[in-house]
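Peer 1: Please find one structure pasted underneath; my questions will follow.
No value in this document is a laboratory result; all are computed from the given coordinates. This one's a predicted model, so the numbers in the text were calculated from it and none came from an experiment. Heads up, the Cβs are rebuilt from the backbone with ideal geometry, glycines too, and the neighbour counts pull from every protein chain shown.
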Amino acid sequence: AELIPIGNAVLLDGDLETAEQVIKGDSAIDAKATALEEQCVEILSLQAPVAGDLRQVLALFKMVADIERSADLVANICKATRRIYGHELDPRLRGIISRMGEQAQALYVAAIEALRENDAAKASAVGSSLTWVLSNHDNIRHATRYGWADSFDVHTWQHNNTSGNRTAPPCDIELGHA
């Protein structure tokens, strides 16, 4: 949770020293994420959880990937800070960046709180989806197809989305939340 305000401060203050620390620390976060994902897979394969326990392990598995990706994005902000170092940000842009960082931090904290309290209403208020998509940069892997609209043809969609102009598949929200 502390990386979001650090990344925001690095960008706004042009703090190259902290930027380098964040960039170098990203590999440790990647390693920890991999270890946690392996623990989730181990639990799934050795303990075969069901119902609420299964949902909890899957939610944690998803969150690990999201948190790791968030850390990657903060590292990218720090790399961008190096590229723009010495250029003043417009005061209006600084305000927007500051507010975006505050909002991102608030959403992150609320999502962690929803998980900690196992509160679906809080998770929904944060904007979490009950069906989710794992993605790594440019490779979209759907964890479930049950939220897709009945008229959706996955093969046609994949073929049409290879040009780099990726679009989200049409979803049936009611089905997705069932």
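Peer 1: So if I place +1 on the C-beta of Lys and Arg and -1 on the C-beta of Asp and Glu, and nothing else carries charge, what would the dipole magnitude of region 79-119 be about its Cα centre? I want it in debye, nearest 20.
Peer 2: Once rounded to the nearest 20, the dipole reads 380 debye.
Peer 1: How far is the Cα center of region 54-121 from the Cα center of region 33-50, in Å?
Peer 2: Measuring centre to centre over Cα atoms gives 25 Å.
Peer 1: Could I have the simple spin-label model distance between residue 97 and residue 18, label points 7 Å from Cα toward Cβ, reported in nm to one decimal?
Peer 2: So the two model labels end up 1.2 nm from each other.
Peer 1: Just to be sure I understand the model, the point goes 7 Å from the Cα along the line to the Cβ. What's the resulting residue 50 to residue 82 distance in nm?
Peer 2: 5.2 nm
Peer 1: Additional query: Considering all alpha-carbon pairs of region 1-136, what whole percent are spaced by more than 23 angstrom?
Peer 2: 44 percent
Peer 1: Can you work out the Karplus-derived ³J(HN,Hα) for every residue in region 102-112? Use 6.51 cos²θ - 1.76 cosθ + 1.60 with θ = phi - 60°, whole Hz, and x for glycine or proline.
Peer 2: For region 102-112, the Karplus curve yields 5, 5, 4, 5, 4, 5, 4, 4, 5, 5, 5 Hz.
Peer 1: Based on the mean of other beta carbon atoms within 10 Å per residue, what is the order of 27-34, 81-88, 64-71, most packed first?
Peer 2: Peptide ranking by packing, descending: 64-71, 27-34, 81-88.
Peer 1: State, to one decimal in nm, how far the label point of residue 39 lies from the label point of residue 112, with both points 7 Å from Cα in the Cβ direction.
Peer 2: 1.5 nm
Peer 1: For region 60-106, restrict the atom set to alpha-carbon positions and state the Rg and Dmax in Å.
Peer 2: 13.4, 40
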